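Presented below is the structure to which this report refers.
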Amino acid sequence: MHGILPEIGIAVLAATALGFIFQLCRQPVILGYLVAGALVGPQIGFSLVSHPDNIEVISEIGLILLLFIIGLELNPAKLLSSGRKLIYAGVGQFVLCVLIGLGFFALLGFPLGGGRIDALYLALFCALSSTAIVVKLLYDKFELDTLPGRISLGILIFQDLWAILILALQPNFLDPQLHLVALALGKGLLLLAVGFALSRWGLRWVFAQIAKTPEMVVAVSIAWCAFMAGLGSFIGMSMEMGALIAGAAIASFPYGVHVTAKVLPLRDFFLTLFFLSIGMKIPFPDAATLIMAVLIVLFVIVSRFLTIYPILALSGSGRRTSFIASLNLAQISEFSLVVAALGVSYGHIQQPLMSLIIYAMAITSVLSSYFIKGNHALYLVFDRLLTALGFPSRDAAAAAEAGEPHYPIVLLGYHRGARALVEKLEAVAPRLLAKILVIDFNLEVLKELGARNVKGIFGDISSMDTLEHSRVAAADIILSTIPDMLLKNTNNLALVKTCRALAPNAVIVATADSTEHVEDLKKSGANEVLLPYSLIGDSMAELLIEAERQGR
């Protein structure tokens, strides 16, 4: 048996085991792969894999497929429809981060000239955030469709476009003459034009012929990726650049989602080997390396608030959106490892610098899992601090100046339970009706509420933006009386988490479908949980007991 096969087997087993452990601990799986590589490699591990170069050669396939998938997920149409706030933030964040980074790392002693450009690479590394980590964590929190979530994703898409420019210019970083930069851009545009032309007038027809044969879709997609990667290498660009353009060229195809779904398993396998190969190169850290990694982490966090926060705040996004978007993106991207690997291969930087960025990326990845999980709680601390210093939130100040009424009781949706509550209050305590605010998207419901002198506003309760603009944060009691089976695009668990983040001091009452559901809702922040079938059972039992007493 060839010696490379047992080593691949050992590496994959280690990656699977460590990835599983890290997932159980709710940490990024990529970190598990890096640790697995370090443990089986010859640098600081047990030397179970004695020839990392063999695995590195195969892992380059994963790197190429990663860029191919990123290209598939690029959607320029979304950028054009995102508005000026996102465009300002997407352009300004990267440019400002790089400029600040150049000065910061030069002051720390990293070279920037004389054939050494470590400061430039570190600035680029720190300007890119992790799409994989941000999307996964926001999805788990049901915040992808919130305003901060959409802005975070938009900035990540802009960063992908900046990454294309980095890949185009990277071979000439050491000799950035004007004609060389123009030549690199020209080659990039040529590769882009050829890729889009071939995809439009050739590849589209091929996909139409094989759309009903899944295995051929995968084969043609990989062949297309390999062709563009080879073409990129042939004209003096990187293969990764060609793969990125290959994906972008077919991103608008109706088969784009299908291609992504079929190629992802292959990409994940080879990409596992890529991160393993990087982990195998990590040397044992000394005190100086760890201290510098911590400084880089602090720079990443501070730089996000120096760039994203003021741009969004000045463009009118509000304090909460600006803070949360800045916090969401406070990590180093896995794509920075791609740039670092290419930088080492070009001879621009040395392996120790790549090891340094791996340590910093690992730390920011772990921190991000806590930052994003607690982003709203951290915002409340931030908001109270600024308010105490004499800088109240503009949104709160504007609402107070406008004399907006305060509704201490908020009903999320108006179905049978909420209607029965309003009818009961109308009969026994009509004074409370003026304190109730109902959020619902049914216009007939709003008309009915108006007839009962109850304030109702049109909105989707599954959207955090709707709840925030409805001033749910100021409520004393928040009621969700609709069971999950009748809710659209959300559930009681998501509503409780969102409302607890917006109104940490409010009493939240939710509706459960089962006794097991009750515990989940309480753990997520509900003060009281209604179990409709139990309430019916209690009422029926009382009725039967009373009937028995009366001798019926």
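Every number in this text was worked out from the coordinates using simple rules, so none of it is lab data. Here the structure is a predicted model, which is why all the values come from computation and not from measurement. Neighbour counts are summed over all protein chains in view; Cβ atoms, including those assigned to glycine, are modelled from backbone coordinates with ideal geometry.
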Equivalent ellipsoid, the stretch 258-388 (semi-axes from 5 times Cα gyration tensor eigenvalues, Å): 32, 21, 14
For the stretch 152-256, which chymotrypsin sites (Phe, Trp or Tyr not before Pro) pass both filters: DSSP loop (anything but H, G, I, E, B) and at most 11 other C-beta atoms within 10 Å? none
hull vol. (C-alpha, convex hull) per residue for the chain, Å³ -> 225 Å³
Gln177 to Leu189: extension gain in nm, 0.36 nm per residue of separation minus the Cα-Cα distance? 2.5 nm
Using modelled backbone amide H atoms (1.01 Å from N, in-plane), which distant-in-sequence or interchain residues come within less than 5 Å of Ser315's amide H? none
Order 119-127, 105-113 from most to least packed using the mean count of other Cβ atoms within 10 Å. 119-127, 105-113
Per the rule of 0.36 nm per residue minus the C-alpha distance, extending Lys373 to Arg26 adds in nm 123.8 nm
Among 539-546, 283-290, how do they line up from the highest to the lowest mean number of other beta-carbon atoms within 10 Å? 283-290, 539-546
Under DSSP H, which helices of the chain have Cα atoms covering 27 Å or more of the helix axis and a Kyte-Doolittle average no less than -1.0? 4-24, 52-73, 84-107, 147-169, 178-198, 214-234, 256-280, 287-314, 351-373
Here the percent of antiparallel bridges among DSSP beta bridges lying wholly in the stretch 405-549, to the nearest 5, is 0 percent
Could you work out Rg/(2.2 N^0.38 Å) for the stretch 405-549, with Rg from alpha carbons only? 1.07
What helix-only [θ] at 222 nm does the chain give? Using -39500 (n - 2.57) per DSSP H run of at least 4, over all residues, to the nearest 500, the answer is -22000 deg cm²/dmol
Let me know the whole percent of all Cα-Cα pairs from the stretch 48-373 that are separated by more than 37 Å. 15 percent
Highest first, please rank the peptides 321-327, 267-273, 519-525 by the mean number of other Cβ atoms sitting within 10 Å of their residues. 321-327, 267-273, 519-525
